[in-house]
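J.: Encoded as structure tokens, here's the structure I'll be asking about.
FYI, it's all coordinate maths here, none of it is from the lab. Keep in mind the model is a prediction, meaning the values are calculated, not measured. Here the Cβ is made from the backbone with ideal geometry for all residues, glycine too, and neighbour counts use every protein chain on show.
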Amino acid sequence: MTEPTCDERIDEQLADRNRSIDTLIDYVSGVDATDADDLSPEDLKTLQDHGVEPDADGWIAGDDVQRALDEWPADIDTKTIRTVTILLSGGGPQDQFELDYDEDGDLIVGRYRFLDWYDGATRRLSSDRAQLVADTFGVYLEGLDV
């Protein structure tokens, strides 16, 4: 049996991350402490997954939750990414290619977006296809200070 692909796993992973963020925010926002007995089992598990445990009296300190929230990201990396949008059709429906370039002007990823009223879908392009789109439409940023 093969492992599920990232595409098959992403929705569940995103829902879990959103639940974690919501739970941490709920118990840090202006709260000095929360009685662990008042927490749902899911919220308590989420807090424990982030290293927050009730104290000896069964309370969870808001400061402990804030510390967990501050320490959670493995890394926050700031990069400049320039997105070039190649609009193919402007409406009814709209479709476009988007090409992302790093600080050195190198193509890093491409997408195709199909947008209709209150709906939309995005597909990632293969590296070869993204480069072909860039070449076809004359988009070259290499060597530019972007």
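J.: Report the relative contact order of the range 103-144, percent, no decimals, based on alpha-carbon pairs under 8 angstrom and at least 6 residues apart.
T.: Reported as a whole number, the value is 48 percent.
J.: Based on the mean of other beta carbon atoms within 10 Å per residue, what is the order of 71-80, 15-24, most packed first?
T.: Listed from highest to lowest mean packing, they are 15-24, 71-80.
J.: Additional query: Once amide H atoms are placed 1.01 Å from N in the peptide plane, what residues at a sequence separation of 5 or more from residue 59, or on another chain, have their amide H within under 5 Å of its amide H?
T.: Amide H neighbours of residue 59: 36.
J.: Compute the semi-axes of the equivalent ellipsoid of the range 82-136, taking the square root of 5 times each eigenvalue of the Cα gyration tensor, and list them largest first in whole Å.
T.: The answer is 22, 10, 10 Å, longest axis first.
J.: Sticking with this one: Gain in length, residue 121 to residue 12, computed as 0.36 nm per residue apart minus the alpha-carbon separation, to one decimal in nm?
T.: 37.4 nm
J.: Please express the shape of the range 6-71 as an equivalent ellipsoid: the semi-axes are the square roots of 5 times the eigenvalues of the C-alpha gyration tensor, given largest first in whole angstrom.
T.: Equivalent-ellipsoid dimensions as semi-axes: 24, 12, 9 Å.
J.: How compact is the range 19-146 by the rule of thumb for globular proteins, expressed as Cα Rg over 2.2 N^0.38 Å?
T.: The range 19-146 yields a ratio of 1.65.
J.: List, in order, the whole-Hz ³J(HN,Hα) value for each residue of the range 46-57 obtained from phi through the Karplus relation with A = 6.51, B = -1.76, C = 1.60 and θ = phi - 60°; use x for Gly and Pro.
T.: Using θ = phi - 60°, the values come out as 4, 4, 5, 4, 9, x, 9, 10, x, 6, 4, 8 Hz.
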